[in-house]
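Asker: Handing you this structure, nothing more for now.
The values are calculated or read from the model by the stated rules, or taken from the named source; none is laboratory data. It should be emphasised that the depicted structure is a prediction, and the values quoted were computed from it without experimental measurement. Note that each Cβ is placed from the backbone with ideal geometry, even for glycine, and that neighbours are counted across all protein chains shown.
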Amino acid sequence: MSNILQAISQATSLGDLSFEQLKALQQALTQLGYQAEPDGLIGPETRGAWARFKSDNGMDQLELVGPSSISVLLSRLRPDSAGVEVPRPAVRIVKNFEGYRDDAYDDGVGVWTIGYGTTIYPDGQQVQPGDRVTRDQAENCLAYDLKDTAEALAGSIPYWASMNLNQQSALISIGFNLGKNFYGPIP
């Protein structure tokens, strides 16, 4: 989506966008809460959503789309890390499936793991054979890992903000196990 929008190299009207560009713009607007059915067709709903977005962000020339307005749009799609919360169900799910180990262990594929599934400590150091953690340390590592995963998913999963806590929690658990970029890179 972001590549399609970043290809807009000069200011143009909404009506002059290609089908793919318009659809990508509509998807981005919808993710931000501006109702614009991502159908690739220009209509009053899309025009209104784009005008509200531009007005809300202090931009004029409400009908025009250009590199600067696209840059603002894409920056708004990235989550504010201070605003992304880890739902309690996510913590319970991961704890339930991971279990707690106070000593480092090989997870079966050569990755040293400790606590509730931590492989890299918050300071960036990898878990090593012989490492030990208390339950409180493991909880802190898990909180850090889940926050990092939630932030990545909030920036890459469409409609993240409109999902309920159980849906977000399930995806956080998947991301914790498969890697936070399992869905794709942040746009």
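Asker: Of the residues 35, 31, 27, which is surrounded by fewer than 14 Cβ atoms within 10 Å (Cβ to Cβ) and not assigned by TED's automatic domain parsing to the domain that holds residue 173?
Answerer: Numbers: 31 fails: surrounded by fewer than 14 Cβ atoms within 10 Å (Cβ to Cβ); 27 fails: surrounded by fewer than 14 Cβ atoms within 10 Å (Cβ to Cβ).
None of the other options fit; the residue is 35.
Asker: Here's a follow-up. For segment 83-93, state whether one or more residues are assigned to a helix (DSSP H, G or I) and within 27 Å of residue 25 (Cα to Cα).
Answerer: Within segment 83-93, one or more residues are assigned to a helix (DSSP H, G or I) and within 27 Å of residue 25 (Cα to Cα).
Asker: I've got another one for you. Do we find that residue 138 is within 15 Å of residue 104 (Cα to Cα), outside any loop (DSSP other than H, G, I, E, B), of a type in the set (Gly, Ala, Ser) and in contact (Cβ under 8 Å) with a residue 24 or more places away in the chain in this structure?
Answerer: When the stated conditions are applied, residue 138 passes them.
Asker: Would you point out the residue of segment 135-175, among those that are more than 15 Å from the chain's Cα centre (by Cα) and of a type in the set (A, V, I, L, M), that is surrounded by the most Cβ atoms within 10 Å (Cβ to Cβ)?
Answerer: 142
Asker: Any idea which of 49, 11 is aliphatic (A, V, I, L, M) and under 18 Å from residue 159 (Cα atoms)? Don't jump to the end; show me each part of the working.
Answerer: Working: 11 fails: under 18 Å from residue 159 (Cα atoms).
Exactly one of 49, 11 is aliphatic (A, V, I, L, M) and under 18 Å from residue 159 (Cα atoms), namely 49.
Asker: Identify all residues within segment 43-64 that are out of contact with any Lys or Arg (no Cβ under 9 Å at 6 or more places or on another chain) and surrounded by 18 or more Cβ atoms within 10 Å (Cβ to Cβ); write none if there are none.
Answerer: Residues satisfying the conditions are 46, 49, 50, 54.
Asker: Among the residues of segment 55-104, write down those that are closer than 30 Å to residue 140 by Cβ, modelled with pLDDT of 80 or more and aliphatic (A, V, I, L, M).
Answerer: 86, 90, 91, 93, 94, 104
Asker: To continue, here is another question. Residues being basic (Lys, Arg) and closer than 17 Å to residue 18 by Cα: count how many of those fall in segment 38-62.
Answerer: 1
Asker: Within the set of pairs 6+ apart or on separate chains, which have a first residue in segment 43-62 that is over 16 Å from residue 30 (Cβ atoms) and of a type in the set (D, E, K, R), a second that is exposed (fewer than 12 other Cβ atoms within 10 Å of the Cβ) and modelled with pLDDT of 85 or more, and C-beta atoms under 9 Å apart?
Answerer: If the second residue must be exposed (fewer than 12 other Cβ atoms within 10 Å of the Cβ) and modelled with pLDDT of 85 or more, no pairs are left.
Asker: On to the next question. Here is a check on your reading of the model: is residue 170 farther than 25 Å from residue 23 by Cα, hydrophobic (A, V, I, L, M, F, W, C), in a helix (DSSP H, G or I) and at pLDDT below 85?
Answerer: Here the answer is no, as residue 170 does not meet what is asked.
Asker: Step by step: first the residues of segment 176-187, then only those that are touching a Gly at 6+ places or on another chain (Cβ under 9 Å) and in a helix (DSSP H, G or I), then the one that is surrounded by the fewest Cβ atoms within 10 Å (Cβ to Cβ). Which residue is that?
Answerer: Only one residue tops the list, namely 177.
Asker: How many of the residues in segment 94-134 are acidic (Asp, Glu), surrounded by 10 or more Cβ atoms within 10 Å (Cβ to Cβ) and part of a loop (DSSP other than H, G, I, E, B)?
Answerer: Of the residues in segment 94-134, 2 are acidic (Asp, Glu), surrounded by 10 or more Cβ atoms within 10 Å (Cβ to Cβ) and part of a loop (DSSP other than H, G, I, E, B).
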